[in-house]
């Protein structure tokens, strides 16, 4: 059935919306609702404050543990640094081994190529080069000729020189020891990369 209300607008009953219903309930609802909202806000505030206190105490405990572990952390860092150095040496030795250079034969060739009056004071091998320091003495003052003869002997030895891309004299220093002139030299042999 269709109803038609022909009353003027001012006489028609007002349709109540949600807000109108709430305001119609009056201040009684507000009296109960405001304390509940304030209580919820106070509870939330106290909960967050308690959580902040707990987290702050946990941070203090963890910070104290961190300080207590500081000596162990420093020892671990030192160990890691030493390990890195040793692992570099080990990897260099591994590369040398992988190159399959017969170092025993090379050392024998070094010994065989030595002319009288020349000797070694240092021999070092890395993955990239051979470092050799030696000294030469000659009563005829021919130390440089002895050093050059030694280098030429090494270069002429095809079995020795095959693994090197270059073999060069890097420095020579003359010294006087006990009235004799001694030439101290450094020789660098660069290994071929494979």
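On inspection, residue 166 fails the criterion of being out of contact with any helix residue (DSSP H, G or I) (no Cβ under 8 Å at 6 or more places or on another chain) and surrounded by fewer than 12 Cβ atoms within 10 Å (Cβ to Cβ). Going by the conditions given, is residue 75 under 27 Å from the mean Cα position of the chain (by Cα) and touching a residue at least 12 places away in the same chain (Cβ under 8 Å)? Judged against the criteria, residue 75 is not a match. Out of the residues in segment 76-117 that are outside any helix (DSSP H, G or I) and touching a helix residue (DSSP H, G or I) at 6+ places or on another chain (Cβ under 9 Å), which is nearest to residue 138 (Cα to Cα)? Looking at residues that are outside any helix (DSSP H, G or I) and touching a helix residue (DSSP H, G or I) at 6+ places or on another chain (Cβ under 9 Å), I get 117.
Condition check for residue 130 on (1) in a helix (DSSP H, G or I); (2) more than 26 Å from the chain's Cα centre (by Cα): one failure, at (1). When each of 98, 94, 81 is tested for being loosely packed, with under 14 Cβ neighbours inside 10 Å, within 30 Å of residue 66 (Cα to Cα) and modelled with pLDDT under 90, the lone residue that passes is 81.
Against the list (1) outside any loop (DSSP other than H, G, I, E, B); (2) touching a residue at least 12 places away in the same chain (Cβ under 8 Å); (3) more than 30 Å from residue 86 (Cβ to Cβ), the condition residue 141 fails is (1). The requirement of being surrounded by 14 or more Cβ atoms within 10 Å (Cβ to Cβ), within 21 Å of residue 102 (Cα to Cα) and modelled with pLDDT of 85 or more is satisfied by residue 150.
Of 120, 160, all but one fail to be assigned to a strand (DSSP E or B) and surrounded by 13 or more Cβ atoms within 10 Å (Cβ to Cβ); the exception is 120.
Only one of the numbered conditions (1) within 43 Å of the chain's Cα centre (by Cα); (2) loosely packed, with under 13 Cβ neighbours inside 10 Å; (3) modelled with pLDDT under 85 is violated by residue 178, and that is (1).
The values are calculated or read from the model by the stated rules, or taken from the named source; none is laboratory data. Values in this document were obtained by computation on a predicted structure and should not be read as measured data. Cβ: placed from backbone, ideal geometry, glycine included. Neighbour counts: every protein chain shown.
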